[in-house]
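Taking it in order: structure first as structure tokens, then the write-up.
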Amino acid sequence: MRRNPMLSSGLRRAVCVVLVFGAGFAAGHQVSRETSGLRIAEAAALEHALCGEHAEAIRLLSTWIRHPETAHRASRLMAELEARSEKDLRGELSPADATLVGLHRGLLCAAPRSPERLVAFATTTPEFFYWDYELVRQLTPPASEQVRLLLRHLGPTANPYASLARDYFDGTAAMSRLPAITRPISIRQLDALAARAEILLQNERLGAARRAAWRTVEVATAIGDQWRAAEGRILLAQIALSDGDDEAAEHQLDAASRSLEKFPLPSVRRRRDCVRAMLRVRQGRVVEAASLFGAALASERDLQDRIHAAAMVNQGFVLDELGRSTEALQCYESGLEYYESRHDQTSAALVRLNRGALRERLNILEGAREDYETVLRTETSGSAPALVALAQGNLGNIFARKRQWEKAEQCYRHAIAAAKEAGEWARAGQIAGNLAIAQLAKQHVEAARISVRNARRWEARQPSPLGNYMIRGVTAHLLYAEGRLAEAENAFGSLAAELQDAGYRAMAWEMCFFQGKALAGQGRHEAALECFRRTMIEFDRLEQNCGGAEVQLHYLENCDEVVEASLASLLELMQRTSPPGRNEAEVFRLLESYRARVLFREMVDRHPTHTQSASGISLATVQTWLRKRSALALVIFQGVEAVYRLQLNGRDARLEKMAPAGRFQEIVKAAEGDQPEAEAARRSLAELLFVRDTVPELQRYRELFILPDGCLYRLPVELLPVILQDGRRLRVGEQWPVTYLPAWRFLAVGGSTEIDCSPGGGFLGIHGFSSGAAGRPGLPWAEREVRDAARTLRWPHFRLIAGREFARGIGQNNQAGQPWDIIHVATHIKTDETVPWESRIYFYAQGEQTVSISLSELQAARWQANLVVLSGCSSGRGRVFPGDGNVSLGRALLASGSRAVLLTLWPVHDRSAAAFMERFYLELPQHSGQVAIALCEARRWMRRDPVFQNPRHWGAYVLFGFPRPIRVAAVESAGQDLVCLLCLVILICILVVRMVLSSIVR
């Protein structure tokens, strides 16, 4: 596939597998008097706080804030209670006490510049110096120098936090030496020991961190400090998770839960739930993990502290695995905002990696690449090989998606080296699997075998369920590449079933697809089609969970290869002796369900009454409609490897493979230009679209309907030359009325497939830039174009708006009365083919200030008209998304409720545009208001005019959608009235003369 299922899966990381804990609590018979007193007070304070009696809780703790040994413990608990209550509980404290509580509140929520605040506080009260991981994380070179100066100023001291800070600045070896616990035990000693374990864990010194955490648990248990014992157990569970020891992690979490029964502080319970959820992720129990993260998040109202931020991001990780993409993106966005506001580059980088992997899965490749490259540019990535491994590996995925295999292989090799340096063997194995996929794409089978062997060996050193799934998937791909199709089919099938049961549905549907590919390779096309159908059913469910239209559009790119493989199998079956009509109906159903999926949902919101008839449209219904209209239709599908054409008329449906996709794109690109070689490319394209036996058949039809795909959206089929049976060479658009449709159900969702007349809503004309401004040239003919259109026909009512008078209330005005027959816009238009939502219609400018409306705003404005004319440069250009078509200004108007749009596919000249539109409106009443026929006649007239005969003047216009006939009579000119009057006078005179002569004869 363009997107290999192995490329994203597993190359993400939970942002905060290591959660940050603060100080705990201690009590017991071997403790100092102050510690013993605080233990009693904190238990009572927590009980009062849980009952909502915060004033009493603060009264119990305020005494202990004033003593250096207990100040930080009491302040930390008060900060926890304040965060939970969302009230300011410091009103009754002295300024110094309130400052200390504020410091700990800032550490809880990772408020920026916490080291500077600590230095300012400890400079005046050195006996209250404090140190923990959050302060370490926020250190900058200037802040580090300030802390060093403060420590020198303190000199020798019994404060264990000062000793911890000195050891931190002395290096890892000093940090790894555990201090002796003196008797009687002070609460500061135990808290400083726990902070040491935390810092060691964050710096990935797992052995030293384990020793410090065990010492913390032993001392806390001996003296009855349940809070500190619980946090120490959670630290040990995190270390076990890092080591891959799931059983030990589960044991430590159960022990932490028993401690929390005696001291049920909500923040510690949240930390325990987060770590347990990460354990469930490792075990593949993602649904249970989602529930645990949800419980942790539900306990707080907003993102107040780093534990909540960690839960939010890891919840996104789990939702991503469950296929709930929109919710996952929202979680990542919230977490990224939190970490970036606190200058936590490491955590922000990990969030970006996760978000990039999700964007990659959704085919938002530009956003994913931006995330990965941002990670590689961060200062922390240079000293964190694990980050480099993730970013380089996923950047390789982007190149692989674009089939830039050399660049992908280079990134994968860099990523493997970084993962091995970081000791992340499981990740090295996963990236080696991706490397094997890239090598298979280059047909380097032997190199791929070596990569698969390396992947198995490295994954065995750090086994995980997800890693095992990935290795098995890559092995199945290797079997497929070696031609062992039956074995590959069995491998893909069993893996798809296991992934489905484990909840990895996004990976499961891709394995099901590859199972179908292996079956098709064996000639078992019926069984292959069944796999492809199951794949599309699961894809539909996942795509619905994408939420927003932009995300859905990108995600739709994942299914084009499924459709292509299905068409290939159906074509094989159609060429066999299969029952006639059955496979043709399946081809129609498949292409119709693939086309305009997002657009259709947006249109249904505007026309809910026609939803059922639109969703039930069938091949027989369409053929009946084509037979009544004596029309021919071509449905195009552009896949990754080939381009298919489904030809429909009132009797037959014929599927053919037109050309390889690469060749087709080259021909269309060459045909877009205005050079002599463009005409040769157009002849080649005409031969592909209209094969020899189609041209004679085409002459029997009165209309041509085109359902384009891919690059064909960029070229008017009307320009293609065809040679008729009598030897004449004509362009398609001169001989036949051509109408473009996004999908057949578009005919039903807008109202009816019958030819009925419009209700006669009138004409709305908008013109802009009569003179140049804001760097845009003047359009002197634009106003005349709109005024002539309004005066040419007898509209029930019309309204003309100059650009400077334009207001976005037009949409609301439409709802108040009847929809317009025609909305005609003649002004400057700017299209963005990369980010089409930024395409704009410009109406007016004064100085550098402009009045415009974007594609997104246009769709929301709900311009409902039978026909919208966008007479501007390249108004029909946009970005083509497989499965939904061309996202352009025209598409936005269809989604907003209009039935059809007249667009241009390249820049048009102001004068020639006015001439073409004048002729178009003159032709309308002569052809019963049929828009497509009027356009065809306007092209003929323009080509006969020596001034406008070049196609650049008239070839850019295409009709997208199906408007009702516009039943409006022409306005007769004054000259015509005089001629008629003169003829009438002459006739009367003749009659009078004859009567006189007759009487004379008598």
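Just the residues that are closer than 21 Å to E641 by Cβ and not in a loop (DSSP other than H, G, I, E, B), please, taken from region 400-415.
Matches in region 400-415: A400, R401, W405, E406, A408.
Considering each residue of region 635-648, count those that are farther than 11 Å from L591 by Cβ and out of contact with any Ser or Thr (no Cβ under 9 Å at 6 or more places or on another chain), and give that number.
So the answer is 6.
For R472, state whether it is surrounded by fewer than 21 Cβ atoms within 10 Å (Cβ to Cβ), more than 24 Å from G516 (Cβ to Cβ) and without any contact (Cβ under 8 Å) to a residue 24 or more places away in the chain.
Considered against the rule, which asks whether it is surrounded by fewer than 21 Cβ atoms within 10 Å (Cβ to Cβ), more than 24 Å from G516 (Cβ to Cβ) and without any contact (Cβ under 8 Å) to a residue 24 or more places away in the chain, R472 comes out as no.
What residue, among those in region 34-64 that are surrounded by fewer than 22 Cβ atoms within 10 Å (Cβ to Cβ) and touching a residue at least 60 places away in the same chain (Cβ under 8 Å), is farthest from E82 (Cα to Cα)?
Out of the qualifying residues, it is E34.
Scan region 906-956 for residues that are of a type in the set (K, R) and either outside the structural domain of E785 (by the TED database) or touching a residue at least 60 places away in the same chain (Cβ under 8 Å) (or both) and jot them down.
Let us first name the residues in region 906-956 that are of a type in the set (K, R), namely 911, 919, 939-940, 943-944, 952.
Passing the criteria: R911, R939, R940, R943, R952.
Give me the pairs, please: first residue somewhere in region 221-233 and on the phi > 0 side of the Ramachandran plot, second residue anywhere and aliphatic (A, V, I, L, M), beta-carbon distance under 6 Å, and either six or more positions apart or on two chains.
As it stands, the answer is G224/A27, since those pairs meet every condition given.
Can you run down the residue pairs with Cβ atoms below 8 Å, 6 or more apart or on separate chains, where the first is in region 443-463 and within 15 Å of L479 (Cβ to Cβ) and the partner is in a loop (DSSP other than H, G, I, E, B)?
From region 443-463, the pairs are V445/E482.
State which residue is farthest from the chain's Cα centre (by Cα) when the search covers only region 368-400 and only residues that are open to solvent by less than 10 Å² (accessible area, probe 1.4 Å) and over 18 Å from Y339 (Cβ atoms).
A389
Select, from E321, E379, the only residue that is modelled with pLDDT under 90 and closer than 23 Å to F539 by Cα.
That would be E321, the only listed residue that is modelled with pLDDT under 90 and closer than 23 Å to F539 by Cα.
May I ask you to say which residue of R355, R453 is assigned to a helix (DSSP H, G or I) and buried (at least 19 other Cβ atoms within 10 Å of the Cβ)?
R355
R282: in contact with a Ser or Thr (Cβ under 7 Å, 6 or more places away or on another chain), within 20 Å of L350 (Cβ to Cβ) and touching a residue at least 12 places away in the same chain (Cβ under 8 Å), yes or no?
yes
What are the residues in region 631-668 that are among the small types (G, A, S) and either open to solvent by less than 20 Å² (accessible area, probe 1.4 Å) or in contact (Cβ under 8 Å) with a residue 40 or more places away in the chain (or both), if any? Quick ask: steps written out before the conclusion?
First, the residues of region 631-668 that are among the small types (G, A, S): 631, 633, 639, 642, 650, 653, 659, 661-662.
A631, A633, G639, A642, G650, A653, A659, A661, listed by residue number.
Conditions tested, residue by residue: (1) small (G, A, S); (2) in contact with a Lys or Arg (Cβ under 7 Å, 6 or more places away or on another chain); (3) assigned to a helix (DSSP H, G or I).
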{"position": "R210", "(1), (2), (3)": "no, no, yes"}
{"position": "E231", "(1), (2), (3)": "no, no, yes"}
{"position": "P264", "(1), (2), (3)": "no, no, no"}
{"position": "R272", "(1), (2), (3)": "no, no, yes"}
{"position": "A277", "(1), (2), (3)": "yes, no, yes"}
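Restricting to region 60-73, name every residue that is farther than 18 Å from Q189 by Cα and touching a His at 6+ places or on another chain (Cβ under 9 Å). Don't jump to the end; show me each part of the working.
The first filter runs over region 60-73 and keeps only residues farther than 18 Å from Q189 by Cα, leaving 60-63.
Residue satisfying the conditions is L60 alone.
Tally time: how many residues in region 596-638 are at pLDDT 85 or above and in a helix (DSSP H, G or I)?
Total meeting the criteria: 11.
Among the residues of region 82-97, is there at least one that is surrounded by 16 or more Cβ atoms within 10 Å (Cβ to Cβ) and out of contact with any Asp or Glu (no Cβ under 9 Å at 6 or more places or on another chain)?
yes
For residues that are open to solvent by less than 50 Å² (accessible area, probe 1.4 Å) and either within 42 Å of the chain's Cα centre (by Cα) or of a type outside the set (D, E, K, R) (or both), tally how many sit in region 928-949.
11
Can you confirm whether G423 is modelled with pLDDT under 90 and open to solvent by 10 Å² or more (accessible area, probe 1.4 Å)?
On the way: modelled with pLDDT under 90: yes; open to solvent by 10 Å² or more (accessible area, probe 1.4 Å): yes.
Taking the combined requirement at face value, the residue satisfies it.
Can you say whether T140 is open to solvent by 20 Å² or more (accessible area, probe 1.4 Å) and closer than 20 Å to T70 by Cα, as far as the supplied structure shows?
no
Out of the residues in region 150-185 meeting the condition of being assigned to a helix (DSSP H, G or I) and farther than 18 Å from L135 by Cβ, tell me which one is least open to solvent (accessible area, probe 1.4 Å).
Across region 150-185, the extreme among qualifying residues is S176.
Any chance region 822-840 includes a residue that's more than 30 Å from E672 (Cα to Cα) and either open to solvent by less than 10 Å² (accessible area, probe 1.4 Å) or at pLDDT 85 or above (or both)?
Checking region 822-840: not a single residue is more than 30 Å from E672 (Cα to Cα) and either open to solvent by less than 10 Å² (accessible area, probe 1.4 Å) or at pLDDT 85 or above (or both).
Among the residues that make up region 213-230, is at least one of them within 40 Å of the chain's Cα centre (by Cα) and at pLDDT below 90?
no
Can you find even one residue in region 772-790 that is in a strand (DSSP E or B), at pLDDT 65 or above and more than 30 Å from F588 (Cβ to Cβ)?
Narrowing region 772-790 to residues in a strand (DSSP E or B): 773, 776.
Checking which are at pLDDT 65 or above leaves us with 773, 776.
Subset that is more than 30 Å from F588 (Cβ to Cβ): 773, 776.
So far as region 772-790 goes, yes, one or more of its residues are in a strand (DSSP E or B), at pLDDT 65 or above and more than 30 Å from F588 (Cβ to Cβ).
Going residue by residue through region 253-266, is there one that turns out to be within 25 Å of L362 (Cβ to Cβ) and open to solvent by 30 Å² or more (accessible area, probe 1.4 Å)? Walk me through how you get there before you give the answer.
Pass one, region 253-266, residues within 25 Å of L362 (Cβ to Cβ): none.
Looking for residues that are within 25 Å of L362 (Cβ to Cβ) and open to solvent by 30 Å² or more (accessible area, probe 1.4 Å), one finds none in region 253-266, hence no.
Return yes or no: is M536 touching a Pro at 6+ places or on another chain (Cβ under 9 Å) and either part of a helix (DSSP H, G or I) or modelled with pLDDT of 90 or more (or both)?
no
Name the residue that is modelled with the lowest pLDDT, counting only residues in region 480-491 that are of a type outside the set (G, A, S) and within 19 Å of Q439 (Cβ to Cβ).
Among those residues, the one meeting the criterion is E482.
The values are calculated or read from the model by the stated rules, or taken from the named source; none is laboratory data. Here the structure is a predicted model, which means the values were calculated and not measured. When we count neighbours, we look across all protein chains shown, and the Cβ atoms used for this are built from the backbone with ideal geometry, even at glycine. Just the protein is used for accessible areas: all its heavy atoms, side chains included, with ligands, DNA and RNA removed. Shrake-Rupley method; radii C 1.70, N 1.55, O 1.52, S 1.80 Å.
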